[in-house]
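Engineer: Quick one: the structure is below, and I'll ask about it shortly.
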Amino acid sequence: MLVTVPGSSSNLGPGFDCLGIAWKLYDRIAFEPAGSLVITGCEERFRGPDNLAYQGFAAAFAEKGLPVPGVRIEFLQCDIPVSRGLGSSAALLAAGAAAANELGGLQLSGAELLDICTRIEGHPDNLAPSIFGGFTAAVCENGKAVTASCALHPSWRFLAVIPDFELSTAEARRVLPDSFSRSAAVFNLSRTALLLQAFENGDMDLLRFSLRDRIHQPYRLPLIPGADRVFAAAEEAGACACISGAGSTMLVIADSHTAVESCLTALSVAFPAWKLIKLEPDTNGLQISR
Ligand code: HSE
């Protein structure tokens, strides 16, 4: 059985731990019943029971109070870079839980898979787009996630600027304060409301204004050397930028091919070792095939 799961960019400026967009950037993983746990097709360090695809698989069986059966997990395609803020851990958890659901006949709904994986991941913002596809808002309260599908105008163009260094989510969360001032809270919630309108209507001026944030980016940018160059290149091209998830990837958002191409040219000269990938939204979410 084959699971194809999209990566995602979460946060999108002010929508910390809530907003996310799924990308046509996929991991493909085969799951087959086996006598014990066997993991192939990935680096040695990911072949143990702490592999996130297996964690998701085991958690879905545990949810039903069932023992976890042996399984062979084969990574066939790993296009979502690891520890770069493109939702690779959420994608793996979701793939594993969905595979368990299918192989074990567990009859869990998409919403239940999201709840199970959110308990492990801690926040639903990458999981919701990976499972359902598209642009999502997701909130988890008392172990239950509530999600909404948000509108994305077809004129948006996206460029992932992927540094040649990893940034662990744990480290990128550790630098955040535990509490925020009222003005920071109002700054972010008001811009999140405007951001949804900007994305829906293809309004670049509104997006540029509303993509700003005071909850996470100011604390994380020092962990991403070169991020200032990305902001500058985006601005020069008439586009704007934010950190993708917890980073290290930066997401450039534009309303024309020309702006994306101009950022691509400038940034490939500035950062020859970084990867620049034009992204398109995925609207299907996780897919299972036999
Ligand atoms: N919302 C999360 C964060 C995404 O910014 O820490 C990373 O998993």
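Engineer: Does segment 249-276 hold any residues that are β-branched (Val, Ile, Thr) and crowded, with 18+ Cβ neighbours inside 10 Å, and which are they? Even if it seems obvious, please write down each step before you answer.
Structural biologist: If we filter segment 249-276 for residues that are β-branched (Val, Ile, Thr), which is where we start, we get 249, 252-253, 258, 260, 265, 269.
Once the filter is applied, which keeps residues that are β-branched (Val, Ile, Thr) and crowded, with 18+ Cβ neighbours inside 10 Å, segment 249-276 yields 249, 252, 253, 260.
Engineer: Next question, about the same structure. Can you find, within segment 156-188, the residue that is nearest to the ligand (Cβ to nearest atom) among those that are surrounded by 15 or more Cβ atoms within 10 Å (Cβ to Cβ) and among the β-branched types (Val, Ile, Thr)?
Structural biologist: 169
Engineer: Considering only residues that are buried (at least 19 other Cβ atoms within 10 Å of the Cβ) and part of a strand (DSSP E or B), look in segment 56-74 and name the one that is farthest from the chain's Cα centre (by Cα).
Structural biologist: Ranking the candidates gives 71 first.
Engineer: Taking the condition at pLDDT 95 or above and either within 16 Å of the ligand (Cβ to nearest atom) or under 20 Å from the mean Cα position of the chain (by Cα) (or both), does residue 205 pass? Steps first, please.
Structural biologist: On the way: at pLDDT 95 or above: yes; either within 16 Å of the ligand (Cβ to nearest atom) or under 20 Å from the mean Cα position of the chain (by Cα) (or both): no.
Here the answer is no, as residue 205 does not meet what is asked.
Engineer: Can you name the number of the only condition in (1) under 30 Å from residue 254 (Cα atoms); (2) within 16 Å of the ligand (Cβ to nearest atom); (3) not charged (D, E, K, R) that residue 148 fails?
Structural biologist: (2)
Engineer: Could I ask something else about it? Would you tally the residues in segment 216-242 being surrounded by 15 or more Cβ atoms within 10 Å (Cβ to Cβ) and either in contact with a Pro (Cβ under 7 Å, 6 or more places away or on another chain) or closer than 22 Å to residue 169 by Cβ (or both)?
Structural biologist: Summing the residues that are surrounded by 15 or more Cβ atoms within 10 Å (Cβ to Cβ) and either in contact with a Pro (Cβ under 7 Å, 6 or more places away or on another chain) or closer than 22 Å to residue 169 by Cβ (or both) in segment 216-242 gives 13.
Engineer: Among the residues of segment 213-250, write down those that are part of a helix (DSSP H, G or I), more than 14 Å from the ligand (Cβ to nearest atom) and not acidic (Asp, Glu).
Structural biologist: Keep residues of segment 213-250 that are part of a helix (DSSP H, G or I), which gives 217-223, 227-236.
From what is left, the residues that are more than 14 Å from the ligand (Cβ to nearest atom) are 222, 227-236.
Hits for segment 213-250 are 222, 227, 229, 230, 231, 232, 233, 234.
Engineer: Next question. If the Cβ limit is 9 Å and pairs must be 6+ apart or interchain, which residue in segment 113-124 that is in contact (Cβ under 8 Å) with a residue 40 or more places away in the chain pairs with which residue that is assigned to a loop (DSSP other than H, G, I, E, B) and surrounded by fewer than 21 Cβ atoms within 10 Å (Cβ to Cβ)?
Structural biologist: Final answer for the pair search is 116/108; 119/143.
Engineer: Another question, then. For the condition within 16 Å of the ligand (Cβ to nearest atom), modelled with pLDDT of 95 or more and of a type outside the set (A, V, I, L, M, F, W, C), what is the one hit in 17, 79? If you could, list the steps in order and put the result at the bottom.
Structural biologist: On the way: 79 fails: within 16 Å of the ligand (Cβ to nearest atom).
After applying the criteria, what remains is 17.
Engineer: Here is a check on your reading of the model: is residue 87 more than 16 Å from residue 116 (Cβ to Cβ) and within 16 Å of the ligand (Cβ to nearest atom)?
Structural biologist: Details: more than 16 Å from residue 116 (Cβ to Cβ): yes; within 16 Å of the ligand (Cβ to nearest atom): yes.
Judged against the criteria, residue 87 is a match.
Listed here are the residues, each with its yes/no results for (1) of a type outside the set (Gly, Ala, Ser); (2) under 17 Å from residue 282 (Cβ atoms); (3) not assigned by TED's automatic domain parsing to the domain that holds residue 145.
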| residue | (1), (2), (3) |
| --- | --- |
| 26 | yes, yes, no |
| 41 | no, no, no |
| 52 | yes, no, no |
| 57 | yes, no, no |
| 111 | no, no, no |
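Engineer: Could you list, in sequence order, the residues of segment 125-145 that are more than 17 Å from the chain's Cα centre (by Cα) and either within 12 Å of the ligand (Cβ to nearest atom) or in contact (Cβ under 8 Å) with a residue 40 or more places away in the chain (or both)? I'd like the intermediate steps shown before the answer.
Structural biologist: Initially, segment 125-145 is screened for residues more than 17 Å from the chain's Cα centre (by Cα), giving 141-144.
Matches in segment 125-145: none.
Engineer: Could you please find all residues in segment 215-240 being without any contact (Cβ under 8 Å) to a residue 60 or more places away in the chain and within 23 Å of residue 180 (Cα to Cα)?
Structural biologist: 218, 219, 220, 221, 222, 223 - these are the residues of segment 215-240 that are without any contact (Cβ under 8 Å) to a residue 60 or more places away in the chain and within 23 Å of residue 180 (Cα to Cα).
The values are calculated or read from the model by the stated rules, or taken from the named source; none is laboratory data. As the structure is a prediction and not an experimental result, all values here were calculated from the model. With ideal geometry, Cβ positions are generated from the backbone for all residues, glycine too; neighbour counts draw on all protein chains shown.
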